[in-house]
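I have placed the structure first, in the form of structure tokens, so that the comments after it can refer back to it.
The values are calculated or read from the model by the stated rules, or taken from the named source; none is laboratory data. Just so you know, these numbers come straight off a predicted model, no measurement behind them. Cβ atoms come from the backbone with ideal geometry, glycine included; neighbour counts cover every protein chain shown.
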Amino acid sequence: MKILVPVDGSAESLAAVRHALALVREGLRASLLLVNVQEPAGLYELLRVHDADAIETIAREAGEHLLAEGVALCQAAGVDHEIEVARGEPTHALLDIAEDEGCTLIVAGAHGKGESEGRRLGSVAHALLHDASLPVTVVRSAL
């Protein structure tokens, strides 16, 4: 079994990592796939930096940086994990990766970075619940 956990460095995405790790500690035989999705380069970036490879490198490094705390949690727990940094619209990228990697569960934070916590669910969590063909667990961070 493989659990996809979207990680953007927010408290709620890290709570999702902790929840997935707790499932494994309780006996679920699963590995984790921690995924960060970087937005595609905008017109400004494309005009300012003429090297597409440099833009990709910067996006990958930014994604790896945001995944680092989730990776540290997995390592401390001794749980098998992989990471992936993707580019694109977050919901579509996450669902494509879940399908391509044979994931059987998505565990996501209720809100990502930059989303209003005044709403019950962030836009990505809401879209995952609505569009995913596999089970989705939404996790809130402790207040």
Worksheet item: Residue check, Val24 against (1) under 14 Å from the mean Cα position of the chain (by Cα); (2) farther than 19 Å from Val124 by Cα; (3) in a helix (DSSP H, G or I); (4) in contact (Cβ under 8 Å) with a residue 40 or more places away in the chain, all met but one. Which one?
Response: (1)
Discussion item. I'd like the full set of residues that are among the small types (Gly, Ala, Ser) and surrounded by 20 or more Cβ atoms within 10 Å (Cβ to Cβ), limited to segment 1-29.
Written reply: Ser10, Ser13, Ala16, Ala20
Discussion item. Scan segment 37-50 and tell me whether some residue there is touching a helix residue (DSSP H, G or I) at 6+ places or on another chain (Cβ under 7 Å) and at pLDDT 90 or above.
Written reply: yes
Worksheet item: Which of (1) at pLDDT 95 or above; (2) within 24 Å of Pro40 (Cα to Cα); (3) part of a helix (DSSP H, G or I) does Ala62 not meet, given it meets every other one?
Response: (1)
Worksheet item: Looking at segment 110-138, which of its residues are modelled with pLDDT under 95 and surrounded by 20 or more Cβ atoms within 10 Å (Cβ to Cβ)?
Response: Ala110, His111, Gly112, Gly122, Val124, Ala125
Discussion item. All but one of (1) modelled with pLDDT of 95 or more; (2) of a type outside the set (Ser, Thr, Tyr); (3) assigned to a helix (DSSP H, G or I) hold for Gly102; state the number of the condition that does not hold.
Written reply: (3)
Item to complete: Name the one entry in Ile55, Ile97 that is surrounded by 17 or more Cβ atoms within 10 Å (Cβ to Cβ), closer than 17 Å to Met1 by Cβ and among the aliphatic types (A, V, I, L, M).
Response: Ile97
